[in-house]
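Beneath this line is the structure, given in structure tokens, with notes to follow.
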Amino acid sequence: MRKRIQQQPSLVEQKIHHEHARELHRIDLLLRDHLEIFDWVYADLVRGLRDPARGCKGKMSAEQALKALFVKQMNGFSYEVLAFHLEDSRAYRAFCEFGFADSTPSRTALQRDIKRIRPETLENINRVLLAAAADKRIEKGRKVRVDCTVVETNIHHPTDSTLLEDGVRVLCRLTREAKGLVDVPVVDHRRRAKKRALGILNAKKRKVRVKHYRDLLKVARKAVRDAERVVDALAGATMIDPIFALSLEAELRHYIPLVLSVIDQADRRVLRGEKVPAEEKIVSIFEPHTDVIVKDRRETCFGHKVTLTGGVSGLVTDLVIENGNPADATLAERMIVRQKEIYGRAPRQAAFDGGFASKDNLAHIKELGVKDVAFHKKRGLKIADMAKSAWVYKRLRNFRAGIEGMISFLKRCFGMDRCTWSGLESFKSYAWASVVTANLLLIARHLID
């Protein structure tokens, strides 16, 4: 019967009968079967602390920090939104072990603790999960598929003019902050740099564009000279606030060589007409580790190339973040060697994209103990040399296509299309967090079914 006014709700916490709540419960049981995971995370959280026992009593435990990371990646939450849902959601409070009357961590506390979890820890957690999946007959690692993709860094599209403007803006901001600490005359060039960058963007003729570039380069060099004078003054002066001064000096020492590199590459490319190699380019002064990845000469991405290995169950069994843009053909053998490290034996069958195909790769992979190998493009290889029959080769080639769906699943649902964390170490942690979270959810769904 429908009521006009709701009666007073029960004070007893009711069990949540939702599919996602059941998934979270299964994930919790799986993690509790391997408590060494929380020991690894705890070691990361206290790394660098002289006395871990001191400090605020309300700090998150290793279990709470790790589970908060999984909730964040599972839903694509920002830290602000994550803090709200940990406060508001009964399911997430219970999963992350926050009691009915407990206060939940703030946005800054969540960011501080989650970012301390190292990529090596997350990789070890993934290997523990794969061992558990093998014990439960979810994924045995006997049949694998390998492919590469690009995870972008959180930068704007790089052009020489915008990079120069970024450099001037950052250096001028830092030198202005030092104004109260040292008596060094500095000029704020930010407005002039912005005008020149807009002039370059809107210029219709090369002559006009080059004219604006010359002035922008001149402004950038002036900003660097001002910053160098401030660094020298900060290094030799006695400060009222030495901690702030040291922080400011460190930032300036970090950005000055990056801005000089941007000036050099803009001068070479625009004024001297040189073609700067991709490995010598800086595409962001905020994420200088970013690589330029050209995909089949049709698309240019800015981030890092990653190589993934997947299994029959849909689990991602391995992830490697590459340095630069190595050819796929140089990566095939290494991925099978890593599978042997994970499972203690080579997979029986392996499927690769066409870019991995070569006679040497086929021979080396066979030597590692793989019985059937399929490259999406044969590239002069005979089917009889790769697999025991044409039927097996065709099945493996079709099986390989499934990793495209796995990559799409990671990018759409777990944020692996673009890393929003700063720094190379954090980039690796972010990529591994996406993989571990996806694997946890898939294992939980297998166990529920």
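Would you check if ASP188 is farther than 25 Å from THR300 by Cα, touching a helix residue (DSSP H, G or I) at 6+ places or on another chain (Cβ under 9 Å) and surrounded by fewer than 19 Cβ atoms within 10 Å (Cβ to Cβ)?
So ASP188 passes the test.
Just a yes or no: is a residue in the range 73-94 in contact with an Asp or Glu (Cβ under 7 Å, 6 or more places away or on another chain) and open to solvent by less than 30 Å² (accessible area, probe 1.4 Å)?
Taking every residue of the range 73-94 in turn, none turns out to be in contact with an Asp or Glu (Cβ under 7 Å, 6 or more places away or on another chain) and open to solvent by less than 30 Å² (accessible area, probe 1.4 Å).
May I ask you to list pairs of residues, at least six apart or on different chains, whose Cβ atoms are under 6 Å apart, with the first in the range 152-163 being modelled with pLDDT of 95 or more and the second being open to solvent by 50 Å² or more (accessible area, probe 1.4 Å) and charged (D, E, K, R)?
GLU152/ARG418
Tell me which residues, restricted to the range 288-319, are assigned to a loop (DSSP other than H, G, I, E, B) and surrounded by 21 or more Cβ atoms within 10 Å (Cβ to Cβ).
Here is the first cut: in the range 288-319, the residues assigned to a loop (DSSP other than H, G, I, E, B) are 288-290, 296-298, 311-315.
If the condition is that a residue be assigned to a loop (DSSP other than H, G, I, E, B) and surrounded by 21 or more Cβ atoms within 10 Å (Cβ to Cβ), then THR290, GLY311, LEU315 are the ones that fit.
One line per residue, one yes/no per condition, for (1) among the charged types (D, E, K, R); (2) assigned to a helix (DSSP H, G or I); (3) open to solvent by 20 Å² or more (accessible area, probe 1.4 Å):
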residue: LEU248; (1), (2), (3): no, yes, no
residue: GLU251; (1), (2), (3): yes, yes, yes
residue: HIS254; (1), (2), (3): no, yes, yes
residue: PRO257; (1), (2), (3): no, yes, yes
residue: SER261; (1), (2), (3): no, yes, yes
residue: ALA266; (1), (2), (3): no, yes, no
residue: ARG269; (1), (2), (3): yes, yes, yes
residue: LYS275; (1), (2), (3): yes, no, yes
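May I ask you to list the residues in the range 58-71 that are open to solvent by less than 10 Å² (accessible area, probe 1.4 Å) and among the charged types (D, E, K, R)?
Answer for the range 58-71, where residues must be open to solvent by less than 10 Å² (accessible area, probe 1.4 Å) and among the charged types (D, E, K, R): just LYS67.
Consider only pairs whose beta carbons are under 8 Å apart and that are at least six residues apart or on different chains; among these, list those whose first residue lies in the range 329-342 and is touching a residue at least 40 places away in the same chain (Cβ under 8 Å) and part of a helix (DSSP H, G or I) and whose second residue is surrounded by 17 or more Cβ atoms within 10 Å (Cβ to Cβ) and among the acidic types (Asp, Glu).
Here the result reads MET335/ASP318; GLN339/ASP318; ILE342/ASP318, each pair linking the range 329-342 to a residue that is surrounded by 17 or more Cβ atoms within 10 Å (Cβ to Cβ) and among the acidic types (Asp, Glu).
So which residues in the range 167-185 are part of a helix (DSSP H, G or I) and either open to solvent by 10 Å² or more (accessible area, probe 1.4 Å) or under 14 Å from ASP215 (Cβ atoms) (or both), if there are any at all? Full working, then the answer.
Narrowing the range 167-185 to residues part of a helix (DSSP H, G or I): 167-180.
Correct list: VAL168, ARG169, ARG173, ARG176, GLU177, LYS179, GLY180.
Listed residues VAL283, VAL320; which is within 24 Å of HIS156 (Cα to Cα) and within 24 Å of the chain's Cα centre (by Cα)?
When all the criteria are applied, what remains is VAL283.
Would you confirm, using the coordinates I've provided, whether ALA250 is free of Cβ contacts under 8 Å to residues at least 24 places away in the same chain and within 31 Å of the chain's Cα centre (by Cα)?
Working: free of Cβ contacts under 8 Å to residues at least 24 places away in the same chain: yes; within 31 Å of the chain's Cα centre (by Cα): yes.
Considered against the rule, which asks whether it is free of Cβ contacts under 8 Å to residues at least 24 places away in the same chain and within 31 Å of the chain's Cα centre (by Cα), ALA250 comes out as yes.
Taking ILE365 as the residue in question, decide whether it is among the β-branched types (Val, Ile, Thr) and open to solvent by 40 Å² or more (accessible area, probe 1.4 Å).
No; evaluated as a whole, the condition is false for this residue.
Could you list, in sequence order, all residues of the range 100-110 that are open to solvent by 70 Å² or more (accessible area, probe 1.4 Å) and either over 21 Å from HIS25 (Cα atoms) or of a type in the set (Val, Ile, Thr) (or both)? Explain how you work it out, then say what you get.
Of the residues in the range 100-110, the ones open to solvent by 70 Å² or more (accessible area, probe 1.4 Å) are 100-103, 107-108.
The answer is SER103, ARG107, THR108.
When the residues of the range 139-158 are narrowed to those that are of a type outside the set (Val, Ile, Thr) and assigned to a loop (DSSP other than H, G, I, E, B), which ends up surrounded by the most Cβ atoms within 10 Å (Cβ to Cβ)? Step through it out loud before you land on a result.
Just the residues of the range 139-158 that are of a type outside the set (Val, Ile, Thr), to begin with: 139-143, 145, 147-148, 152, 154, 156-158.
Filter once more, keeping what is assigned to a loop (DSSP other than H, G, I, E, B): 139-142, 154, 156-158.
On the way: GLU139: 27, LYS140: 16, GLY141: 25, ARG142: 17, ASN154: 17, HIS156: 12, HIS157: 8, PRO158: 19.
Here the answer is GLU139.
Of the numbered conditions (1) buried (at least 16 other Cβ atoms within 10 Å of the Cβ); (2) farther than 30 Å from ARG192 by Cα; (3) at pLDDT below 95, GLU97 satisfies every one except a single condition; which is it?
Of the numbered conditions (1) buried (at least 16 other Cβ atoms within 10 Å of the Cβ); (2) farther than 30 Å from ARG192 by Cα; (3) at pLDDT below 95, the odd one out for GLU97 is (1).
The values are calculated or read from the model by the stated rules, or taken from the named source; none is laboratory data. Since the structure is predicted, the reported quantities are computational estimates derived from the model, not experimental observations. Cβ coordinates were reconstructed from backbone atoms using ideal geometry, including for glycine residues, and neighbour counts include every protein chain displayed. Remember, those area values only see protein heavy atoms, side chains included, never the ligands or the DNA or RNA. Shrake-Rupley method; radii C 1.70, N 1.55, O 1.52, S 1.80 Å.
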